[in-house]
Amino acid sequence: MIEIDEIDERILRELGSDGRVSNSELSSRVGLSASACLRRVQELERLGIIKGYRAIIDHSLLGVNFSAYISVGLSVHTKKSQRAFEKAIVQSPEVIECHNVTGSFEYLLRVETKDLAAYKVFHTDILGTLPQVNSISTYVVMESPKDNR
């Protein structure tokens with residue numbers, strides 16, 4: 001575990017809220033000179049604490065109007081089976097997130113598609129054809145009152 005101080009925590013909070021904030025504005029918000037702030041940000045990046053920056057995209061404006069979480073249970077609980085499943089999922093553009101979890105199933109997926117019909121194709125033609133898959137449960141997202149992705 002890497003320990004950071006209060007200033008680094010403030011830098012991370014500010015960048016988490018607005019990754020495009022200028023260094024000048026960031027330094028003002030956290031109470032540092034611009035050069036000291038830049039050095040700290042670069043060190044946080046070098047340490048891997050800051051892994052990258054990304055845009056938050058409104059997918060509905062691009063025609064992606066269906067979102068669901070899917071629990072997936074595997075038929076065989078081996079490392080080989082997990083790797084094969086993960087390889088197939090990584091190649092599926094509909095899968096936005098894939099998490100190996102504990103509990104009554106092995107994976108939790110977040111899937112986004114154009115609509116329910118496109119999801120059905122993914123469910124049937126991708127997930128449904130994977131020999132490692134034993135069970136699939138879909139939880140359709142109706143609304144997201146909080147989404148900090």
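The values are calculated or read from the model by the stated rules, or taken from the named source; none is laboratory data. Given the structure is predicted, the values throughout are model-derived calculations rather than measurements. Quick reminder, even Gly has a Cβ in these numbers, built from the backbone with ideal geometry, and neighbours come from all protein chains shown. Ligands, DNA and RNA are stripped out before the accessible areas are found, and what is left, the full protein with its side chains, is counted by its heavy atoms. Shrake-Rupley method; radii C 1.70, N 1.55, O 1.52, S 1.80 Å.
Screening the stretch 84-113 for residues that are part of a helix (DSSP H, G or I) and touching a helix residue (DSSP H, G or I) at 6+ places or on another chain (Cβ under 9 Å) and picking the one that is surrounded by the most Cβ atoms within 10 Å (Cβ to Cβ) gives I89. Among the residues of the stretch 11-24, the ones that are open to solvent by less than 70 Å² (accessible area, probe 1.4 Å) and either of a type in the set (F, W, Y) or touching a helix residue (DSSP H, G or I) at 6+ places or on another chain (Cβ under 8 Å) (or both) come to 6 in all. Being open to solvent by less than 60 Å² (accessible area, probe 1.4 Å) and not acidic (D, E) is not true of I57.
Every listed requirement among (1) open to solvent by 50 Å² or more (accessible area, probe 1.4 Å); (2) in contact with a strand residue (DSSP E or B) (Cβ under 6 Å, 6 or more places away or on another chain) is met by V64 save one, (1).
Within the stretch 25-51, restricting attention to residues that are in a loop (DSSP other than H, G, I, E, B) and on the phi < 0 side of the Ramachandran plot, which residue is least open to solvent (accessible area, probe 1.4 Å)?
Of the residues in the stretch 25-51, the ones in a loop (DSSP other than H, G, I, E, B) are 31-33, 47-51.
Of the ones still in play, those that are also on the phi < 0 side of the Ramachandran plot are 32-33, 47, 49-51.
Details: L32: 41, S33: 64, L47: 67, I49: 59, I50: 21, K51: 192 Å².
Taking the candidates together, the pick is I50.
Of everything in the stretch 125-148 that is within 27 Å of I56 (Cα to Cα) and among the polar types (S, T, N, Q), the residue that is most open to solvent (accessible area, probe 1.4 Å) is N148.
Are any residues in the stretch 114-123 in a helix (DSSP H, G or I) and surrounded by 11 or more Cβ atoms within 10 Å (Cβ to Cβ), and if so, which ones?
Initial filter on the stretch 114-123 (in a helix (DSSP H, G or I)): 116-123.
Those that are in a helix (DSSP H, G or I) and surrounded by 11 or more Cβ atoms within 10 Å (Cβ to Cβ): L116, A118, Y119, K120, V121, F122, H123.
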